[in-house]
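A short write-up of the structure that comes next.
Each value in this text was obtained by applying a stated rule to the coordinates, not by laboratory testing. Since we're looking at a predicted model, the values are computed, not measured. Cβ atoms come from the backbone with ideal geometry, glycine included; neighbour counts cover every protein chain shown.
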Amino acid sequence: MKNIVCLLLLYVFGIEVLAQAKASDTPAFPSVTEVQVEGLVEKPLSISVASLKKRKVVEGKNYTIVSSKGEVKRTIGSYKGVLLKDLLNEAKITMANSKERGKYYVLISATDGYEVLFSWNELYNNKTGDSVYVLFEENSKEIVEDGPFVLICTADTITGPRHVRWVKSIKVAKL
Ligand SMILES: Nc1nc2c(c(=O)[nH]1)N[C@H]1C(S)=C(S)[C@@H](COP(=O)(O)O)O[C@H]1N2
Ligand SMILES: [Mo]
C-alpha cells in the first residue's frame with residue numbers, strides 16, 4: 001500500500017515539475033521585475049520598466065551585436081532605453097576623495113552570473129559614457145527573452161561582450 005502511495009506521489013510531482021519546466025521556456029534565465037542601482041551611491045534605486053519609461057528615454061536604430069570572433073550575430077532594428085549615466089547621476093555616486101575617481105567602476109550583473117564593468121573615467125571622462133544604455137524595448141516591444149532589461153554599449157567595436165542580457169543590478173564600487 002505504502003509503495004502505491006509513493007508511486008502516486010512521484011507521478012503527480014513528476015507532472016508538476018514537467019509543467020513548470022515548460023512554463024519557464026522564456027525567458028531562459030530568471031528575470032527580475034526591477035533593476036537595482038546600488039553600492040557607493042547616496043540614493044539606491046530600484047527601477048521597473050514603467051519607471052524607466054518615465055525618465056529621459058533615448059531611441060536608437062540598427063545596433064549590431066558583433067561576437068568576439070568578429071561575426072555579426074544579429075541587428076536590433078530599433079531600441080528604447082535610458083542612458084546609464086542618467087541613472088547613476090540620479091543615484092549620486094558618493095566619492096569623498098576625488099583623487100580616487102580612477103579607482104571607481106560600475107559593475108553590471110545579470111541573473112545568469114554574467115558580469116561586465118565600466119570604469120568611472122570611461123563613463124565620465126570619455127565619449128563612451130554617452131553610448132551606454134539600459135534598454136527596456138527592442139523593435140517596439142518589451143524585451144521578453146533577453147530582458148526585461150538589457151544593457152548595451154554602442155561605442156564598443158566588438159559589441160557582444162558588453163551586451164548584457166537579464167540585467168539585475170548596477171553596482172558602483174571602488175578598487
Ligand atoms: N547575461 C548574459 N549576457 C550576455 C552573455 C551571457 O553569457 N550572459 N554573452 C554575451 C556575449 S559574449 C555575446 S557575443 C552576446 C551574444 O548576443 P546574442 O546571443 O543575444 O546575439 O551576448 C552577450 N550577453
Ligand atoms: Mo561573445
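What is the residue count in region 49-58 for residues that are within 26 Å of T159 (Cβ to Cβ) and surrounded by 10 or more Cβ atoms within 10 Å (Cβ to Cβ)? Explain how you work it out, then say what you get.
Of all residues in region 49-58, those within 26 Å of T159 (Cβ to Cβ) come to 49, 52-53, 55-58.
Among the residues that remain, those that are also surrounded by 10 or more Cβ atoms within 10 Å (Cβ to Cβ) are: 49, 52-53, 55, 57-58.
Total meeting the criteria: 6.
Looking for whichever is more than 11 Å from ligand 1 (Cβ to nearest atom), closer than 17 Å to N62 by Cα and not small (G, A, S) here; the options are L135, L151, L175. Which one fits? Spell out the reasoning first.
Details: L151 fails: more than 11 Å from ligand 1 (Cβ to nearest atom); L175 fails: closer than 17 Å to N62 by Cα.
One residue alone meets the criteria, L135.
Please identify the pairs in which a residue from region 139-156 that is more than 16 Å from S51 (Cα to Cα) has its Cβ atom under 6 Å from the Cβ atom of a residue that is assigned to a strand (DSSP E or B) and aliphatic (A, V, I, L, M), counting only partners at least 6 apart or on another chain.
L151/I108; L151/V134; L151/V164; L151/V167; C153/V132
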